[in-house]
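Worksheet: one structure, shown below.
Just so it is clear, none of the values below were taken in a lab; they were calculated from the coordinates. These figures come from a predicted structure and were not determined experimentally. Glycine also receives a Cβ, built like all others from the backbone with ideal geometry; neighbour counts cover every protein chain displayed.
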Amino acid sequence: MFYMVIFMDFGEYEEFRRIFTSFKEYYKNSLKYINMSNTYYEPSDLRKFGNITEWNEELGEKFFDYYGSVFEEGALTAREKSLIALAVSHVVKCPYCIDAYTQDGLKRGITKEEMMEAVHAGAAIESGATLVHSVQMMNKYKKLSM
Amino acid sequence: MQLKSLKKRENELANAKRQLEILSNGIFQNEELPKFSTKLKVQNQFPLKPKTLEILQINVGYMCNQVCAHCHVDAGPDRKEIMTRETMQQCLDVIKETGAHTLDLTGGAPEMNPDFRWFVEEATKVGVKDVIVRSNLTIITANKKYNDLPEFFKKHKVHVISSMPHWTEGKTDQQRGDGVFNASIKALKMLNAVGYGMPNSELKLDLVYNPSGAFLPGDQAALEADFKKALFTNFEIQFHNLFSITNLPISRFLDYLIASENYEEYMYNLVEAFNPAAVDNVMCTNTLSVSWDGWLYDCDFNQMLGLKVDSSVEHIRNFNKEILSKRTICISQHCYGCTAGAGSSCQGTVA
């Protein structure tokens, strides 16, 4: 911005300042009126997850019933499922899920060492998924080369 | 970790009135969250009334050898409030009169009261079925004069309930202070050695679990299984039951919640986990709490908030079962801590 100002005469600078100030005001007011922060993720939205049933009760409830059943004690313990959920939360990069399953793990007495190992398991699969595609690259390279 | 109580530090949260203000301001004042009384009214559970008195919980003093980060009593070595033998005698007289089957001794570290042993001996003489001592364990190894406590407990068949926030050293010491985990393990081994906590032993040894942070306790039975497995595998330690207790947003835990910017989220969690079934069995319905100086409260938490029983009988010396049974239990927003999820009491979950 200052770089631009150097090449302006006084009149141009005044005009620039007026436009810049009014833009700043406009931006500030627009935030105020729409009452939103300028981020896609709002931590308090996690609490409102249940509200999705308001716009489609049948599917919403089916989802939450399914979700509840999945995390019940079964062939896998609820504790094991919590760690899987934590790892997947990282792989799908869901901040809500990371908050939820870190808290869930703490409630279950899961240690930070166990949590970090679970995240590494997810990360290893994710990087493995990238790297295994390099076989395709190698195949294609070989096929196209003399 | 702070080594001094809030009181010694002259922290504003050492003032019970200030704590009650905080619990009624903000999210509860602007009705973002319903007050506890409103919640009870919606459920037709208001007002809370006492049932038969079963447990007399006596706080024999706020002095403690530990300064735990979550302590709702704000106990520590710098707290000098201590129950006299005279007040203890008044408690014994009340036990004879009421037929309460359980005497629950707490503190501070109750063992640090100079009349502690006398009190336990007298209590067993007047026929209390279950004399509980809430021991922090480290007191047993803290000083030579306490080393024989396991033998003393055994002689009087005292029911020992001890705190342990995790089966790992790091998480335990983080909440309760450096070195607490190893000292606790040593004390548990001493208790096991005289027969406490062994399968089928009549010498009861239970553990209390408090979360070491701004989260609610998980399933009590699952935690008990994890604790048993870890403590036996790593140290060959055995115990009977694990009671999970929710941290209530008062005193040092409230201070922690506010300082770590977890207060609102924690209150949301408590309110969202409100369980009407837990309300039916909250401990204030069958317990009376007595402070070191003899005043009566609906529970130990109300004691720390200075909320005396709402009755013409306010002190142990004027105890009257009839009059007290007609009282209404005093509540505020901290009560959500006892009604969240499976509920919480000094005896663990309630629903």
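Is there a simple number for the mean count of other chain Cβ atoms within 10 Å of the Cβ of residues in B:306-318, and what is it? Present the calculation step by step, with values, prior to reporting the outcome.
On the way: counts 0, 0, 0, 0, 0, 0, 0, 0, 0, 0, 0, 0, 0.
That average works out to 0.
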Of the residues B:Thr328, B:Thr172, B:Thr52, which exhibits the maximal mean-square fluctuation in a Gaussian network model of chain B defined by a 10 Å Cα contact cut-off? B:Thr52
Total charge of the residues flanking B:Cys71 in space, meaning their Cβ is under 11 Å from its Cβ, with Lys and Arg +1 and Asp and Glu -1, is +1
Which percent of Cα-Cα pairs in chain B sits in each 20 Å bin, short to long? 31, 62, 7
With +1 on each Lys and Arg Cβ and -1 on each Asp and Glu Cβ, how big is the dipole of the protein assembly as shown about its Cα centre, in debye rounded to the nearest 20? 900 debye
Work out the mean other chain Cβ neighbour count within 10 Å for the residues of A:68-76 and drop it here as an integer. 0
Putting +1 on Lys and Arg Cβ atoms and -1 on Asp and Glu Cβ atoms, find which of A:Ala78, B:Tyr297, B:Ile316 reaches farthest to the positive end of the dipole of the protein assembly as shown. B:Ile316
What does the range B:102-220 give for Rg and for Dmax, in Å, if only its C-alpha atoms count? 14.4, 43
For chain B, modelled as a GNM with alpha-carbon contacts under 10 angstrom, which of B:Val42, B:Val128, B:Val279 fluctuates the most? B:Val42
Step through the table entries B:Lys96/B:Lys204; B:Lys157/B:Lys186; B:Lys96/B:Lys155; B:Lys80/B:Lys157; B:Lys35/B:Lys308, compare each Cα-Cα distance with 27 Å, and write down the pairs that go over it. B:Lys80/B:Lys157
When chain B is treated as a Gaussian network with springs between alpha carbons less than 10 Å apart, the largest mean-square fluctuation among B:Asp74, B:Asp178, B:Asp148 is found at B:Asp148
If you take every residue apart from A:Ala78 with its C-beta less than 10 Å away from the C-beta of A:Ala78, what net charge results, scoring Lys and Arg +1 and Asp and Glu -1? -2
Spatial extent of the range A:59-140: Rg and Dmax, with the Cα atoms as the point set, Å: 15.6, 49
When the protein assembly as shown is reduced to its Cα atoms, the Kirkwood hydrodynamic radius in Å: 25.9 Å
The summed charge of the B:Ser162 Cβ neighbourhood (under 13 Å; Lys/Arg +1, Asp/Glu -1) stands at +3
Across all Cα atoms of the range B:201-350, Rg and the largest Cα-Cα distance (Dmax), in Å, are 17.2, 54
Which whole number gives the average count of other chain Cβ atoms within 10 Å of the Cβ atoms across peptide B:213-219? 5
